[in-house]
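The values are calculated or read from the model by the stated rules, or taken from the named source; none is laboratory data. Here the structure is a predicted model, which is why all the values come from computation and not from measurement. Neighbour counts run over all protein chains shown; Cβ positions are idealised from the backbone, glycine included.
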């Protein structure tokens with residue numbers, strides 16, 4: 001029953017956005033984390049993932065009028081746009097770096113369908129990080145998203161390395177506990 005309600009709500013949001021593009025923001029908010037998680041797992045470069053995610057939503061908004069509801073989740077359409085955008089990026093990079101064997105070797109063979117369960121898990125982790133206390137959230141973002149060292153974070157926050165390690169430890173414990181609550 002819950003899935004049918006969600007499907008009905010999503011369809012209503014899509015139809016509303018097709019009539020009034022300013023309503024697309026609701027679809028964006030609903031799907032941003034999933035699309036970003038899907039892209040970042042494939043390109044593994046934060047700035048490129050952010051750029052591609054932005055591109056996906058621009059494309060989706062520009063082509064929303066062409067979207068036809070067929071019962072599949074809207075996210076599936078967004079993932080297809082994302083997959084095409086990633087493939088286009090790799091092709092463009094390969095052309096720009098013609099003859100660079102290392103680049104073509106690193107290209108993902110990503111024509112497969114996205115693993116929705118993995119994407120949902122990554123999106124859930126992003127949401128849970130956002131719910132952490134400010135200092136824990138900040139340390140996690142600096143440490144894992146920006147790949148800063150403990151020393152760099154300690155200097156940036158004017159704290160000892162030990163206190164940063166403790167914050168990181170508490171944040172990871174907090175995330176583990178929240179993730180296990182959700183999996184029960």
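At-a-glance table
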quantity: Residue 99, sole failed condition from (1) over 21 Å from the mean Cα position of the chain (by Cα); (2) at pLDDT below 80; (3) on the phi < 0 side of the Ramachandran plot; (4) not in a helix (DSSP H, G or I); calculated: (3)
quantity: Residues being over 11 Å from residue 164 (Cα atoms) and either buried (at least 19 other Cβ atoms within 10 Å of the Cβ) or within 14 Å of the chain's Cα centre (by Cα) (or both) - total across the range 128-140; calculated: 4
quantity: Residues (exposed (fewer than 10 other Cβ atoms within 10 Å of the Cβ) and under 17 Å from residue 12 (Cβ atoms)) located in the range 56-71; calculated: 68, 70, 71
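For (1) at pLDDT 85 or above; (2) in a helix (DSSP H, G or I); (3) under 14 Å from the mean Cα position of the chain (by Cα); (4) not assigned by TED's automatic domain parsing to the domain that holds residue 147, each residue gets a yes or a no:
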{"residue": "57", "(1), (2), (3), (4)": "yes, yes, yes, yes"}
{"residue": "68", "(1), (2), (3), (4)": "yes, no, no, yes"}
{"residue": "72", "(1), (2), (3), (4)": "no, no, no, yes"}
{"residue": "94", "(1), (2), (3), (4)": "no, yes, no, yes"}
{"residue": "103", "(1), (2), (3), (4)": "no, yes, no, yes"}
{"residue": "109", "(1), (2), (3), (4)": "no, no, no, yes"}
{"residue": "122", "(1), (2), (3), (4)": "no, yes, yes, yes"}
